[in-house]
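The values are calculated or read from the model by the stated rules, or taken from the named source; none is laboratory data. Everything numeric in this text was worked out from a predicted model, so none of it was measured. As a convention, Cβ positions derive from the backbone with ideal geometry for all residues, glycine included, and neighbour counts pool all protein chains shown.
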């Protein structure tokens with residue numbers, strides 16, 4: 001088993017001293033564990049202000065860039081954890097999320113939190129994916 005950490009340039013860099021992605025090589029299968037992604041651009045600026053749809057799109061674009069860098073797609077996602085600052089916005093989040101997941105039905109946990117690491121953030125999402133023989 002080998003563990004490597006990545007910060008692919010296609011995705012916004014981490015907001016602090018951590019890696020965006022851990023890749024665990026299990027011999028023919030790779031486990032990808034993504035750090036929580038928030039609506040920040042490559043400069044670290046908030047994207048989408050109070051717009052849940054815009055923030056969700058930015059989050060899933062970042063997730064897509066991380067997955068793509070390791071040869072994965074949303075079809076490889078096995079778990080999603082979502083932290084929402086306001087659960088009453090779940091429908092907005094869910095509609096955008098579904099546009100990325102398509103037919104995939106990974107396990108999922110969604111919780112409301114009192115606040116996220118930066119003012120103005122409405123959500124943070126982390127992903128676990130399993131890639132067999134491609135990454």
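Annotations
- Residue 60 falls short on exactly one of the conditions (1) closer than 18 Å to residue 129 by Cα; (2) in contact (Cβ under 8 Å) with a residue 60 or more places away in the chain; (3) in contact with a helix residue (DSSP H, G or I) (Cβ under 6 Å, 6 or more places away or on another chain); (4) not in a helix (DSSP H, G or I), and that condition is (4).
- Whichever residue in the range 1-15 is touching a residue at least 40 places away in the same chain (Cβ under 8 Å) and either out of contact with any helix residue (DSSP H, G or I) (no Cβ under 7 Å at 6 or more places or on another chain) or in a strand (DSSP E or B) (or both) and, among such residues, is nearest to residue 55 (Cα to Cα): 15
- Qualifying residue in the range 89-102 (condition: out of contact with any strand residue (DSSP E or B) (no Cβ under 9 Å at 6 or more places or on another chain), more than 28 Å from residue 132 (Cβ to Cβ) and exposed (fewer than 14 other Cβ atoms within 10 Å of the Cβ)): yes
- Any pair with Cβ under 9 angstrom, 6 or more apart, that starts in the range 121-134 at a residue that is at pLDDT below 95 and ends at one that is part of a strand (DSSP E or B): 132/29; 132/30; 133/29; 133/30; 134/30
- Taken over the range 16-45, the criterion of being surrounded by fewer than 19 Cβ atoms within 10 Å (Cβ to Cβ), in a strand (DSSP E or B) and within 16 Å of the chain's Cα centre (by Cα) is satisfied by 22, 31, 33.
- Residue that is within 23 Å of residue 15 (Cα to Cα) and either modelled with pLDDT under 95 or in contact with a helix residue (DSSP H, G or I) (Cβ under 7 Å, 6 or more places away or on another chain) (or both), where the choices are 97, 89: 97
- Among the residues making up the range 16-48, those that are over 20 Å from residue 93 (Cα atoms), touching a strand residue (DSSP E or B) at 6+ places or on another chain (Cβ under 8 Å) and in contact (Cβ under 8 Å) with a residue 24 or more places away in the chain are 20, 21, 23, 25, 28, 29, 30, 31, 32, 33.
- Output for the range 1-15, where each listed residue is within 14 Å of the chain's Cα centre (by Cα) and over 14 Å from residue 66 (Cα atoms): 15
- Note on the range 1-15: residues that are within 17 Å of residue 130 (Cβ to Cβ) and in contact with a strand residue (DSSP E or B) (Cβ under 6 Å, 6 or more places away or on another chain) total 4.
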